[in-house]
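Let me begin by presenting the structure, written as structure tokens, before commenting on it.
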Amino acid sequence: MGMEKEALYQLLQEIREEIDRNEKEDGTYAFDVRRVQVALDFVKRELTSSIGQKD
């Protein structure tokens, strides 16, 4: 289980770095912020809804 946890944390770190790397000098981003927010919110809801469930 520790390996799975670390893999998830690594993915989160990579996402944070990608966000930081794509911030422009004027504070905007080189990607569609709303789409990314929707995608991350989906992941959060999926995680929350799957707690306690096993395949």
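General remarks:
- Straight-distance crosslink candidates among aspartates and glutamates, where the alpha carbon sits under 15 Å from residue 54 and sequence neighbours closer than 8 are dropped: 4, 46
- Sequence-distant residues sharing a close amide H with residue 29 (under 5 Å, placed H): 24
- Translational diffusion coefficient of the chain (Stokes-Einstein, Kirkwood radius from Cα pairs, 37 °C, 0.692 mPa s): 250 µm²/s.
- Ligands, DNA and RNA are left out, and with a 1.4 angstrom probe the accessible area of the chain is 100 Å² per residue.
- Here the 3J(HN,Hα) profile of the stretch 44-49, calculated from phi with Karplus coefficients 6.51, -1.76 and 1.60 at θ = phi - 60°, is 4, 5, 5, 4, 4, 6 Hz, Gly and Pro shown as x.
- The chain, accessible surface, carbon-and-sulfur percent (1.4 angstrom probe): 55
The values are calculated or read from the model by the stated rules, or taken from the named source; none is laboratory data. As the structure is a computational prediction, the values presented were derived from the model and not from experiment. We work out accessible area using only protein heavy atoms, side chains counted, and drop any ligands, DNA or RNA first. Shrake-Rupley method; radii C 1.70, N 1.55, O 1.52, S 1.80 Å.
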